[in-house]
1. Describe numerically, in nm with one decimal, the distance between label points set 7 Å from Cα along Cα→Cβ at B:F85 and at B:R215.
2. Give the residue from B:V475, B:L592, B:A627 lying farthest towards the positive end of the charge dipole for chain B; charges sit on Cβ (+1 for Lys and Arg, -1 for Asp and Glu) and the dipole is referred to the Cα centre.
3. At R0 = 45 Å, how high is the FRET efficiency between B:H491 and B:I412 if r is their beta carbon distance? Nearest 0.05 is fine.
4. If I take R0 = 25 Å and measure r between the Cβ atoms of A:V115 and A:H83 in this structure, what FRET efficiency does the formula 1/(1 + (r/R0)^6) give, to the nearest 0.05?
5. Which listed residue (A:A112, A:L23, B:P239) has the Cα farthest towards the positive end of the charge dipole for the protein assembly as shown, taking +1 on Lys and Arg C-beta and -1 on Asp and Glu C-beta about the Cα centre?
6. Please work out whether the protein assembly as shown counts as rounded, prolate or oblate from its C-alpha gyration tensor, where a ≥ b ≥ c are the square roots of the eigenvalues and a/c under 1.5 means rounded, while otherwise a/b larger than b/c means prolate and anything else oblate?
7. Using Cβ contacts closer than 10 Å as the measure, can you line up A:V57, B:V103 from fewest to most?
8. Under 1.5 on a/c is rounded, so check that first for the range B:124-173, then, if it is not, pick prolate when a/b is larger than b/c and oblate when it is not; a ≥ b ≥ c are the square roots of the alpha carbon gyration tensor eigenvalues.
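Coordinate-derived values only; no laboratory data. What you see is a predicted model, and the numbers here were worked out from it, not measured in a lab. Every residue, glycine as well, gets a Cβ built from its backbone with ideal geometry; the counts of neighbours run over all protein chains shown.
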Amino acid sequence: MQLSFKLNGSATQWEDVYPGENLLEVLRRHDCWEVKGNNCTNGECGACTILLDGIPVPSCTVFAARVEGRNVDTIRLLGDPDHLHPLQQAFLRHGAVQCGYCIPGMLLSAHALLVRNPHPNRDEIQQSLSGHLCRCTGYLQQIEAIEEMARLPEGAE
Amino acid sequence: MVSRTVVGQSVDKLDGPALVTGQAVYTDDFSLPGMLFGKILWSSRAHARIRAIDTFAAERLPGIRLILHHGNVPRVAYTTAGQGFPEPSPYDSFIFDRKVRFVGDRVAAVFADNLIAAQEAVDLIRVEYEDLPAIFQPEEATQPNAPIIHDEEEIRGAFDPGHNLVSHLDLKIGDVEQSLAQATYQAEGTWITQFAQHVPMETHIVITYLDEWSRLVVRSSTQVPFHARRIISRLLDLPIQKVRVIKPRVGGGFGGKQEILLEDLCALATLRTRRPARIELSRKEEFVSARLMHPMKIQVRLGADSGGQLQAMEMRVLANTGAYGTHGSTVFFNTGSKTLPLYNKASHVRFVGDVVYTNLPVPGAYRGYGATEGYFALECAMDQLAAKMGMDPLLLRRKNHIREGETSPIFIKLGEGREGVDQTVQSCGLDRCIELGMKAFKWDEKRKNPRRIGSDRARGVGMSILMQGSSIPRVDMAAANLRMAEDGSFHLFLGATDIGTGSDTILAQIAAETIGLPTQRFTVHSSDTDFSPFDKGAYASSTTYLSGQAVYKAALAVRKQILGVAGLWFHVEPSTLEICQGVVFNRQGARLTLEEIGYRSYYLADQQQIEASASALSQASPPPFSAHFAEVEIDLETGIVRPLDYVVAVDCGVAINPELARGQVLGSLINGIGFALSEELLFSSRGVALNPNFLDYKILTSLDLPRIEIIPVETNEPTGPYGAKSIGEICINGPLPTLANAIFDATGIQMKEAPFTAERVWRALKRNE
C-alpha cells in the first residue's frame with residue numbers, strides 16, 4: 001500500500017508499505033537509520049522514539065498506516081553533526097552520551113518536553129525520560145543537561 | 001608534576017556529534033543487497049538428546065536459503081569466551097550439538113530472504129528430543145548419580161566434567177580453623193546472588209559478507225574483535241588471513257559481548273551461500289540465550305581480635321555457570337582475588353569453591369566479574385562483625401584495609417584461572433575515599449538519627465569499601481598505531497574497543513597530551529582487524545590503563561620523529577625543541593607548525609612517514625579503590641526499599657577525562673542498584689525463563705534515582721599512563737553490600753539473598769516480628 005506523510009518536514013510518499021508493518025520497520029527499511037532500537041519491538045525501551053505530530057512515541061508501537069497524512073519527526077529534526085542543536089550540545093557537555101543507542105529517542109522526548117514547557121522542574125524532566133531505558137549513564141547526566149536548557153530564557157533554545 | 005593541557009580535561013567525546021544526531025554508526029545501520037536474515041531455533045528442553053531434526057517442511061517455504069543444524073556443520077569443541085589464547089574457559093561448546101543443555105540452547109538456524117520467512121521456517125522445524133534428567137540447583141550438580149551435563153568426549157579444560165565441575169580450588173594461607181576458633185569475635189553467613197542480565201540497549205548483532213577478494217568480513221557488535229577473528233577462524237577452518245572483523249559503534253556491552261555468540265552462524269551462512277547474512281537477537285533472546293551474571297552462594301567466615309583486627313577470613317563459593325563453562329573459573333577466581341586482598345591484615349585466609357554446570361542459561365563475563373558477588377558477602381560479613389563488636393563499621397574497615405606500599409599474599413596466589421602476579425599497591429586513596437565520603441554523606445550525623453520514622457517506615461545507613469584491578473597482568477597485550485597526515489592531524493589506529501565508554505576519546509587525549517596538540521586533531525579508528533594493531537579488547541578494566549600505555553609509547557615515538565624533522569629544519573638538536581598546541585618552538589621562539597612538518601616530510605625533504613606502533617603488556621594490575629555510602633528508607637508494611645542518598649568516593653588514579661570517568665561510576669552504580677533492588681531472571685521448575693522482557697525484568701529508570709554525589713579522589717599510579725588506573729567496573733560492586741548494610745542498620749535484618757525486592761524484605765520483616 002501507499003503511505004503519504006511528512007517526514008522531518010518533507011512530503012514523503014512510499015509505495016511499498018505492508019498493512020500491519022510497524023513504523024519503525026518501515027522507517028529503517030527506507031534507510032532512516034537514525035531511528036534505533038529494533039530489538040524490543042514492544043514499546044518497552046524507548047530507543048525508537050519519534051515525534052508523531054510533536055508527541056514522542058516509540059515507533060515500534062505505531063502501525064505505519066496510522067501516520068498517513070501526519071507529521072513524523074526523527075532526530076534529524078534537531079541538528080546534524082556540523083550544526084548541533086543546543087540540546088544536543090548540552091547532552092554532550094554533561095556526559096549524557098556513552099554508547100549513544102538510546103540517545104536519539106531521549107533527545108526527542110526532552111525536546112518535546114521543552115517545546116511544551118520551556119522551564120520544566122526536575123520531576124517533570126524525570127517523568128519525560130521515564131519511557132527511555134539507558135544502561136550506560138545512570139540518567140543523571142541527561143537530567144542535568146535538560147535542567148541546563150530549562151534555565152535558559154524563553155526562546156533561547 | 002608537569003602541567004597538563006589535555007589529560008584531566010573533560011574533552012567532549014570524539015564520536016559524540018555522530019551519536020547525538022543518530023548517524024548510521026551501529027552494526028545494524030547498514031544493509032547489503034541480497035542479505036539473508038537468520039533466525040535461530042532454540043531448545044524448548046532443559047536437557048535432552050536430539051534424536052532427529054526434520055527440516056522438510058521448513059525447507060519448502062519460499063525464500064528459505066539455508067538451514068544449519070548439528071548434522072551439517074563442523075563439529076569442533078570450543079569456548080564462546082572471548083579471552084586470550086589459550087582461553088582459561090573449557091572447550092565444551094559446539095556450533096550445534098546433538099544434545100541441548102538448557103531451555104534456550106541452540107538447535108538450528110534458518111537463513112531466508114526476509115525475517116518473516118526465517119521465523120516461519122524456524123517454527124516448522126520438527127525436533128524429536130529424548131529428555132534427560134536435568135539439574136536446576138547448583139547443589140545437586142555434584143551429588144552422586146547426578147546427570148552428567150557434559151558427557152561429550154571432546155570436552156577439554158573443565159576440572160571434572162563427570163561430576164559437572166568446571167572449576168575447583170582450595171587455597172589456604174595459614175590456619176583459618178584454628179585462627180577462627182581463637183578469635184574474640186566471629187561473623188558468619190551465606191549470601192546468595194541471582195541470575196542477572198547485562199541489558200545492553202543494542203542486543204547482539206552480526207552481519208557477514210564476502211569482500212571482493214572472497215575474504216569473510218564480520219561486522220559485529222563485539223567487545224573482542226581479535227578474539228572473535230581467532231575463534232571464527234578455528235571453528236570454520238578458515239585461515240585468519242581470510243577473516244576480517246569490523247567493530248562499528250557498539251550499543252553497550254558490560255561483558256556480555258566478550259563472547260562469540262552469532263558470528264559463527266552468520267559466517268557459515270555467508271560462506272555457503274556467498275550472500276551477506278545477518279542475525280540479531282530479540283530482547284527475549286538476549287535475556288535467555290546471550291549471557292548472564294554468575295549466581296553464587298558465598299559463605300564467609302571472619303574472625304577478629306578484641307581490638308577489631310581481622311585474623312582470619314574464609315570464603316566458600318558455589319558458582320552456577322549454567323549449561324556452559326564460559327568465564328566460569330576466571331569469574332570464580334576473581335570473586336576471591338579482587339576482594340580478599342582488601343583486608344590484607346588477616347594472616348589466615350582460605351578461599352575454596354566449586355563452579356558447577358546446571359541446565360540453566362549461561363552466565364559469562366559481567367562488569368565486576370565475580371567481585372560483585374564476593375563484595376556482597378564480604379562487606380555484609382564485615383558489618384555483622386562490626387555489629388557484634390559494637391563498633392562503627394567504618395572504623396572496622398579503617399583498621400583493616402590495605403594501604404599504599406602494602407601487598408597481599410592473594411595477589412600472587414590467585415590470578416585469572418591460574419596463579420596471579422605479585423604486586424605492591426603503589427597508589428591507594430582509600431583513606432581519603434572513606435574520609436571525604438563520610439563527610440559528604442554526613443555519616444556520623446546520620447548514624448545518630450532515629451531509625452524509625454513514624455509507625456510504618458524505617459531509615460538506615462550503610463557503607464562498603466571496594467577495590468578492583470586494572471588489566472590482567474602478564475596475560476593481555478594491547479597495541480596502538482599512530483600516523484601523521486601532512487596537515488598535522490593524526491590517525492590513531494586501535495585494537496582497543498570503544499563500546500560506548502569513550503575510550504577512543506580517552507586514548508586520543510593520552511596521545512594528544514604526549515605530542516602536544518588538541519584532541520580534536522585526532523581521528524580514531526577502533527576496531528578493524530585488517531587495520532588495527534592487536535588489542536585484547538574491552539574487558540578486565542584494562543583499556544585506559546593498558547591500551548593507554550601502548551598509545552603513550554607510540555605517541556612518544558611520534559613526538560621524537562616530529563622533533564627530529566624540526567631539528568633538521570632549524571639545524572638544532574631535537575632535544576632543544578618544544579611542542580605546544582601543535583606548534584614546534586625552538587629556543588629563539590621560531591615556530592614551525594605540524595602542518596609545515598607534515599608537508600615537508602611527505603613531499604619536500606628528508607621524506608618519511610611520521611608514524612609509530614607500540615605494544616604494552618602490564619606487569620601489575622593496580623587496584624582502583626572506592627567507598628560507598630547509602631541511606632535507605634524501608635516501608636515496613638510493604639517491604640519496599642527506597643535508596644535516598646548515595647555517595648561514592650572513588651580513586652581511579654588520575655582521571656584522564658573526569659566527565660567520562662564520572663559516567664563510568666554513575667552507569668555502574670545504577671546497574672548495581674538494579675541488582676540490589678529489582679533485577680532477577682526467574683525460571684519455572686522446568687528451567688523456562690519467566691520474565692525475559694523489560695516489563696517483568698526491571699532495570700532502573702530515570703524515576704528511580706537516589707540523590708547521588710560522586711567524589712573523585714585523585715592519586716598518581718606510577719605504572720599507569722599519566723597516573724591513571726581503571727574505573728569501568730569497580731563501582732558496580734558497591735550497591736549490593738551498601739544497601740544491604742543500610743537495611744541491616746534500619747531493621748536489624750541482614751538481607752542475604754539478592755535482589756532485595758519488596759516481597760523478600762517483607763517476608764524477612766515478618767519472620768523477624
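1. A separation of 1.7 nm, rounded to one decimal place.
2. Result: B:A627, furthest along the dipole toward the positive end.
3. Details: r = 40 Å, r/R0 = 0.90.
Efficiency computed from Cβ-Cβ geometry: 0.65.
4. Values: r = 19 Å, r/R0 = 0.75.
The formula returns an efficiency of 0.85 here.
5. In the protein assembly as shown, that residue is B:P239.
6. Numbers: a/c = 1.28, a/b = 1.07, b/c = 1.20.
Judged from the Cα gyration tensor, the protein assembly as shown comes out rounded (a/c under 1.5).
7. Numbers: A:V57 21, B:V103 24.
Ascending number of Cβ neighbours within 10 Å: A:V57, B:V103.
8. Values: a/c = 2.98, a/b = 1.98, b/c = 1.51.
It is prolate, given that a/c is not under 1.5 and a/b is the larger ratio.
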